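The structure appears below as structure tokens.
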Amino acid sequence: MFIYGNDGNIQYTPKGFPVAQAGQFRLILVTHDKSTFYANDHRKTGWSHSSEKATPQRKGEGPSLMISDMLTSEWGQLQHGDDEARVIFKVGKSWDGYFSALDLLKQVEHSIDILEDKTNGFATGLFMFNNAPSHQK
């Protein structure tokens, strides 16, 4: 992992470590990040003038958008050129459905391809996930 100074410049670049019959290689940590955003997600309280009338608010969370991405400490979002690991998913029965373990596997396979293209074989990716129910089959 790169070590950065307070000025934002790289102070240390990892050299890798020896592996029998493979030479030197680096291990790059790739983490999975998933967030869901709702159309009606907003602050419920606020200040208003006493002469203002209350404005009606929609009930329920509304339509949602899920963003699933792969992140690294070296590059931030995992991408190479125009190819990125991010998946934008419109959640719901009438949209894209629901993000399943199969969707995650497709994203991981694509992320591995991006990592291999980006590193040209000088590093190995270590993918880390939390124990969310959507990650289980």
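The values are calculated or read from the model by the stated rules, or taken from the named source; none is laboratory data. Computed from a predicted structure; not experimentally measured. Reconstructed Cβ throughout: ideal geometry from the backbone, glycine too, with neighbour counts over all protein chains shown. Just so you know, the surface numbers come from the protein's heavy atoms only, side chains and all, with ligands and any DNA or RNA stripped out. Shrake-Rupley method; radii C 1.70, N 1.55, O 1.52, S 1.80 Å.
Details
- Within region 77-104, residues that are open to solvent by 70 Å² or more (accessible area, probe 1.4 Å) reach partners that are modelled with pLDDT under 85 and charged (D, E, K, R) with beta carbons closer than 6 Å, at six or more positions or on different chains, in the pairs 90/96.
- Of all residues in region 89-108, those satisfying the criterion of being small (Gly, Ala, Ser) and outside any helix (DSSP H, G or I) are 92, 94, 97, 100.
- Boolean, residue 33 is modelled with pLDDT of 85 or more and either touching an Asp or Glu at 6+ places or on another chain (Cβ under 9 Å) or open to solvent by less than 40 Å² (accessible area, probe 1.4 Å) (or both): yes
- Scan region 82-97 for residues that are more than 23 Å from residue 128 (Cβ to Cβ) and under 17 Å from the mean Cα position of the chain (by Cα) and the total you get is 3.
- Residue match in region 1-23 (condition: aliphatic (A, V, I, L, M), closer than 30 Å to residue 132 by Cβ, at pLDDT 80 or above and surrounded by 13 or more Cβ atoms within 10 Å (Cβ to Cβ)): no
- Condition met for residue 54 (modelled with pLDDT under 85 and in contact with a Lys or Arg (Cβ under 6 Å, 6 or more places away or on another chain)): no
- For region 54-69, the set of residues classified as surrounded by 15 or more Cβ atoms within 10 Å (Cβ to Cβ) and in contact with a Gly (Cβ under 9 Å, 6 or more places away or on another chain) consists of 64 only.
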